[in-house]
Amino acid sequence: MPEQSFFAELRKRKVVQVAAIYGAVSWGVTEVVVTVTEQLFLPQWISTLAVIGFVVGFPVAMFLAWIFDLTAEGIRRTEVTSRRGTASIALSMLLLVAGTAGLFFLIKPAIQERGPDSDIPILANSIAVLPFDNASRNPNDTYLSAGLSDELRDQLGRVSGLRIAARSSSIAIRGLQGDAMLSAAKLGVAHLVEGSLRRQGNVLRVSVQLVDGASGLTMWTDSFDRGPAEFLSLQQEIMENIVHQLLPGSTEALPAPATRNATANEALLLGRFYEQQVRATEEVDTRLLLKAIGHYRDAVYLDPESALVHSRLAGALLYLGDIDAAEAPIFKALSLDPNLSEVQHTLGLYYFARGLPEAYAAFERAVELDPDNADALEHYAFVRWIQGIDDNVADLYRRALEIDRQSLSRYGSLGQILGNEGKTGKVLELIRRIEQRFEGADAYRLISLLLELTGKVDQAIAWGIRARDLETGNSDHVEWLAELYAEIGDYETARKLQPTPGIGLLFNMRRYDELIDAAEFLVIENPDDIEIRYLLAFAYNTVGQYEAAVRILSSTGLPESVMIFPRTDLEWKGYFTLVNATFGLGELETAQGLAAWYFNDPTHHDNPDWWIETHLACSLAVLGRDVEALDKLEQTLRSPRLAPVYALEDSLCFKKYADDRRYQAVVRHFRARRAELRARLPATLAKFGVSL
């Protein structure tokens, strides 16, 4: 039989033995090459090339084993011993080629992963400062290694001509240190700064290297032995060496460190170390944040002429929520140096917290001073969007993502904007990128949020279940799932998920009487929670308590807060709740004035999302322009998102259209979409392999 002849030829030619020997040798050599590469900090392409070389050499070795034989008399050509020998040679070569191709397909994803992403270009003078390793393993020295990398990153970020990857992304790839090419590709930079710090008695030994991201080759490396008092001068020396390597011949004055006082720098590093720990968690650790603020105050006392020290104190106070205390240090920083992006950004945060429109100019100035300040870019984009200035907003978010491309939250911010603009295709494309680059409950939850913006609520539920299954103890996932089920009208399942529903779920389930009973107590317990007040006021409107709605909305600063400087979409919800409340009270002049102010602002037009069209329709309804109002309501049919029931059916401004066929058609459309999603959900969950 042919197969018997083929295997007979294999045994005769000792191909199997050669394959086994080749595999063992190549595996052993590869292990040695990988180990040597890592230990000697050699370029990663060396180990990659070794693997590729062995894969390519495999068919060559098999071919030689088939054709030749090693005998006591030397190397001789093997003779074919059967009529089918020639056919066997052809079959064996085909199998070898197929096997080699299979190996290439196995390593292809890893090779592609090492290449830069095509959607984000890598600039020649881009650089990332990776977290320095605390080589002494003493946790008390961690603030020094972390602080050195942070301060170097900030200083290099103030060098004209360099583009610096954001801190959050540099931290996110910590586990890839040692693989320079992959780290650079993931960060989208051309160069990396890596280093370590070790304390030996009173001496700090710092090793640092500048690496070319494309090849993994070290461009510059050095080691320094310094005393603690020389830490500042060491930081400056390292920064200058890096700039010299990347910008040879540059005559521009290099930026100074945040402070030139060694003791103040020590306090600054400690303050920043504790603050970053707080910012890395979802819940604010007030005790730790106050500790950071204490160190910042020490730094201010030791160096009162440092703008950055004052700015960082102000930033920590704003994060704590102490706006009044933040006022003095931020304006002191501004007086010392108004031309620092970090100072202008913190100033913008202060104005934003105050609800003052000057935040817009401050964020804009921060971006002008440092176009690579990812936080400033995102905050500037947000204030443009919340005010309805949507031109270039998505581009600003994209720029922030390019700088901070390993930050999941940046993907979320861009996705929210694209979703709110009704750009479903771009949101789905972004979701695919998230799937490729992130894993875990946070990524799954974000995908769920973005899918909801596209109207694919059944898929959003599936991803929400995946997030819940990974973090079974996280009640936020369950709460989100309950809201999604309520959105498609499955109130029974929503109630099962949350047997004791919060006011958000009560609102989505239209259980307004229960909401009022719960929210009236919550307002007393949480006087600063604006969302509770807005939801309570909406519920008051649905039961005809318009005076109560006006009273509670007025306590939030409406309508002036929106007219002066809106800060959240919740404020817009509150604004239209106030329009409906005054309309219900019969205060027609006030209601129409509020409606006209919104409608006459051109920035609120030309958006397919239900949000804009519904509120424009409500404004027209209050103004008595009924035909135009119904025209606008019909525009909601373009919305990828589901227009919520409360907006269409429970808003007072639309009550007069209850019997209008055009209005009824819009209501039926969204009811039908909800019914379709409920019917499709079981199949979707089965497709994703999840169950509630």
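Just so it is clear, none of the values below were taken in a lab; they were calculated from the coordinates. In this text the structure is predicted, and so the values were computed from the model without any measurement. Positions of Cβ are backbone-derived with ideal geometry, glycine not excepted, and every protein chain shown enters the neighbour counts.
Placing dummy labels 7 Å off each Cα toward the beta-carbon, the span from Ser160 to Glu439 is 4.6 nm. What is the stretch 312-458's relative contact order, in percent, from Cα pairs under 8 angstrom and six or more apart in sequence? It rounds to 13 percent for the stretch 312-458.
For the pair Ser554 and Asn600, a Förster radius of 22 Å applied to the C-beta separation gives a FRET efficiency near 0.45, rounded to the nearest 0.05. A cut-off under 13 angstrom between Cβ atoms defines the neighbours of Gly355, and their net charge, with Lys, Arg +1 and Asp, Glu -1, is -1. The gain in end-to-end length when the Thr286 to Val523 segment is fully stretched comes to 83.0 nm, 0.36 nm per residue minus the alpha carbon separation. Considering only the other residues whose Cβ falls under 10 Å of the Cβ of Arg445, what net charge follows from Lys and Arg at +1 and Asp and Glu at -1? My count for the surroundings of Arg445 gives -1. The simple spin-label model puts a point 7 Å past each Cα toward its Cβ; for Thr218 and Leu470 those points are separated by 3.6 nm. Residue separation of Ala328 and Val690 scaled by 0.36 nm, minus their Cα-Cα distance, works out to 125.0 nm of gained length. Looking at the stretch 210-289, the GluC sites (Glu not before Pro) that sit in a DSSP loop and have at most 10 other Cβ atoms within 10 Å of their own Cβ are Glu252, Glu282, Glu283. At the listed q of 0.10 Å⁻¹, the Debye profile of the stretch 532-658, built from one uniform point per Cα, gives log10 I(q)/I(0) equal to -0.27.
Relative contact order, whole percent, for the stretch 532-658 stands at 21, derived from Cα pairs under 8 Å and 6 or more residues apart. Positive contributions from Lys and Arg (+1) and negative ones from Asp and Glu (-1), summed over other residues with Cβ under 9 Å from the Cβ of Phe538, come out at 0.
Take the cross-link list Lys496/Lys656; Lys456/Lys573; Lys426/Lys655 and give me the ones stretching past 26 Å between alpha-carbons. Too far apart for the 26 Å limit: Lys496/Lys656; Lys426/Lys655.
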